[in-house]
1. Filter region 13-22 down to residues that are buried (at least 17 other Cβ atoms within 10 Å of the Cβ) and in contact (Cβ under 8 Å) with a residue 40 or more places away in the chain and give me whichever is nearest to the chain's Cα centre (by Cα).
2. Only one of (1) more than 14 Å from the chain's Cα centre (by Cα); (2) without any contact (Cβ under 8 Å) to a residue 60 or more places away in the chain; (3) closer than 18 Å to residue 111 by Cα is not met by residue 78, so which one is it?
3. Could you tell me which residue of region 75-117 is nearest to residue 11 (Cα to Cα), considering only residues that are in contact with a strand residue (DSSP E or B) (Cβ under 7 Å, 6 or more places away or on another chain), at pLDDT below 95 and assigned to a loop (DSSP other than H, G, I, E, B)?
4. Of (1) under 20 Å from residue 32 (Cβ atoms); (2) surrounded by fewer than 16 Cβ atoms within 10 Å (Cβ to Cβ), residue 89 satisfies all except one. Which?
5. Among the strands (runs of 3 or more DSSP E) confined wholly to region 23-73, which include 3 or more residues that are in contact with a strand residue (DSSP E or B) (Cβ under 9 Å, 6 or more places away or on another chain) and within 18 Å of residue 132 (Cα to Cα)?
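The values are calculated or read from the model by the stated rules, or taken from the named source; none is laboratory data. As the structure is a prediction and not an experimental result, all values here were calculated from the model. In this analysis, Cβ positions are derived from the backbone assuming ideal geometry, glycine residues included, and neighbour counts consider all displayed protein chains.
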């Protein structure tokens, strides 16, 4: 379910389905005991956008993804306001329902921004993201 028009205040953990805009993803139920949903990206080009607000004087952030994927060569491009700030090659987890935390760092000025996650190569499931200043 898309989020309404507000900004997530960093530090924050965002459920994957809390996006503001998306292209090419589908909702599925996780195999977790809680039965929450995840988002599946089946092909390159799918994307998610989240409106975030950073107030840290330090402009370096850590992005953690709780992600599952059953094949190699999966990659996510991280963009802030349309500019690439990081790329993350996903380690294989062995299944679309076996989740692992995978992380990268990126630079972002304080203020309101659009954080985009774009699949450079598809077929992975995203459960949630966590963003915090370093």
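1. Checking each candidate, the answer is 16.
2. With respect to (1) more than 14 Å from the chain's Cα centre (by Cα); (2) without any contact (Cβ under 8 Å) to a residue 60 or more places away in the chain; (3) closer than 18 Å to residue 111 by Cα, residue 78 is out only on (1).
3. Checked region 75-117; the qualifying residue nearest to residue 11 (Cα to Cα) is 110.
4. Result: residue 89 passes all but (1).
5. 47-54, 60-69
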